[in-house]
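Written out below as structure tokens is the structure these notes cover.
None of the figures in this text is laboratory data; all of them are computed from the coordinates on show. Note that the coordinates shown come from a computational prediction; the quantities given were computed from them, not determined experimentally. Here the Cβ positions follow ideal geometry from the backbone for every residue, glycine too, while neighbour counts run over all protein chains shown.
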Amino acid sequence: MFERAELKILTRRIKEPRKNLHVVMGPRQVGKTTMVSQVFNQIGIPGLFESADAVAASNTNWLQQIWETARVKMKSQSAKEFLLVVDEIQKISNWSEMVKKLWDEDSFNDIQLKVILLGSSRLLLQQGLTESLAGRFETIYLSHWTFDEMEKAFGWDANTYAWFGGYPGSANLIHDEERWKRYIRDSLIETSISKDILMLTRIDKPALLKNLFELGCLYSGQILSFTKMQGQLQDAGNTTTLSHYLNLLETAGLLGGLEKYSHTTIRKRSSSPKFQVHNNALLSAQDVKFLSDTLLNHVEWGRIVESAVGSHLVNQSLREYYSVYYWRDRNNEVDFILERQGKIIAIEVKSGYSKNKKGMDAFKNKFDPYKTYFIDNKGLSWNEFLKINPVELF
């Protein structure tokens, strides 16, 4: 069985001779539950796995009961350590306050209960951690699968990955592309939007959120002002609503809007967003064309490649803690700007369709970046770039 790099990190932490609390967050279908099963197989201590997927949102008593069950099992087995895993923790209202209460009780009574909490809503998890559990936890973000991981696990080439994205559960369906598209739309997109956003957050216009997602996937890799979005969406509401919905889609690991790079935070936040899917499967599953047809159209394939590069940068940014932007000034544009620890680097993707080549020069003159990179067929190719950890570029 293929093992992701985060498995070693989590296993090592759980084996430490102390009670610890870890929160593993990430989009649906990226292997969080599978990774925890692998942890159980490797650590050699007793444990209990429970899921809140079918539990009423108001039922904090359920969380208290399974925690107490873990304590009883630990005592009855005379175990010095015990591992409790709770999946879909964000579905329990006030979960963080209950975890804090129970965790502090164990600390007071010297109960060495180790805990892993799993969740697919980054927004709700981070809110709970910040509000109630400061100083008590460590996090691991499990992102969409990279090209390197899909290649090692399934033997995919770069073109396959750029089109079908990084969902391991769908890998055996790609030879029947129509079936694959239905699986991504019904089992992943619809489930993620319904369970991770609509059921957990107050949404006044759910149809608008879904339409915004579809529009953003269609325009992945392109800049679109909120005013233009309103012109293409029915019942679009105001720009504040659209911005909020886009943020919710981003925290669910589906679709984000990159901000324009600027020295000032205000200008960044007021800029028109550049749509970016977090997994190219979300884009191609809603396209009527198949991979073989798209490969023949250099312009369309170039946009698929740029979106794949963008999703790689965005996913890795959540693991490696750097920021991703775009830059545009009149007719000058640079695809991606990365910022980390005061250093900025500029990345231009040139694959399949022509662009204004003066953008990089204009950006260099204005901001003096630490490094610049061109991704093309002459130097660093896009398929090579997808195997690079972007932190190595700094």
Q: With viscosity set to 0.890 mPa s and temperature to 25 °C, compute the Stokes-Einstein D of segment 200-300, Rh being the Kirkwood radius across alpha carbon pairs; µm²/s, no decimals.
A: 170
Q. What list of ³J(HN,Hα) values in whole Hz, one per residue of segment 379-389 in order, does the Karplus curve 6.51 cos²θ - 1.76 cosθ + 1.60 (θ = phi - 60°) give from phi, with Gly and Pro shown as x?
A. x, 7, 6, 5, 6, 5, 4, 5, 9, 9, 6
Q. Cα atoms only, the chain: Rg and Dmax in Å?
A. 22.1, 70
Q) So who's got an amide H within less than 5 Å of the one on His278, skipping anything under 5 residues away but keeping other chains? H placed 1.01 Å off N, in plane. A) Leu255, Gly256
Q. Which cross-chain or sequence-distant (5 or more) residues have an amide H under 5 Å from the amide H of Thr372, H modelled 1.01 Å from N in plane?
A. Ala346
Q. Seen from all sides and averaged, what is the projected area of the convex hull of the Cα atoms in segment 5-141, in nm²?
A. 7.6
(Q) Apply the Karplus curve 6.51 cos²θ - 1.76 cosθ + 1.60, θ = phi - 60°, to the phi angles in segment 184-190 and return the couplings in whole Hz, x for Gly and Pro. (A) 5, 5, 7, 8, 10, 5, 4
Q. Taking R0 as 41 Å, what's the FRET efficiency between Asp287 and Ser76 from their Cβ-Cβ distance, rounded to 0.05?
A. 0.15
Q: Tell me which residues come under 5 Å, amide H to amide H, from Ile45 once H is placed; ignore anything under 5 positions away on its chain.
A: none
Q: Provide the per-residue ³J(HN,Hα) series for segment 278-283, in order, calculated from phi with Karplus coefficients 6.51, -1.76, 1.60 and θ = phi - 60°, each as a whole number of Hz, with x at glycine and proline positions.
A: 8, 8, 4, 4, 5, 7
**Q.** Cross-link partners of Lys19 among lysines (Cα-Cα below 27 Å; sequence separation of 8 or more within a chain)
**A.** Lys8, Lys32, Lys73, Lys75, Lys80, Lys91, Lys100, Lys101, Lys114
Q: Please report how far the C-alpha centroid of segment 327-394 lies from that of segment 1-28, rounded to the nearest whole angstrom.
A: 33
Q) Measuring from a point 7 Å past the Cα of Thr139 along Cα-to-C-beta, which residues in segment 312-327 have an amide N at less than 18 Å? A) 314-324
Q | Stokes-Einstein D in µm²/s, Kirkwood radius over Cα pairs - segment 185-228 at 25 °C with 0.890 mPa s viscosity | A | 212
Q. Gap in Å between the Cα centre of segment 181-215 and the Cα centre of segment 287-301?
A. 26
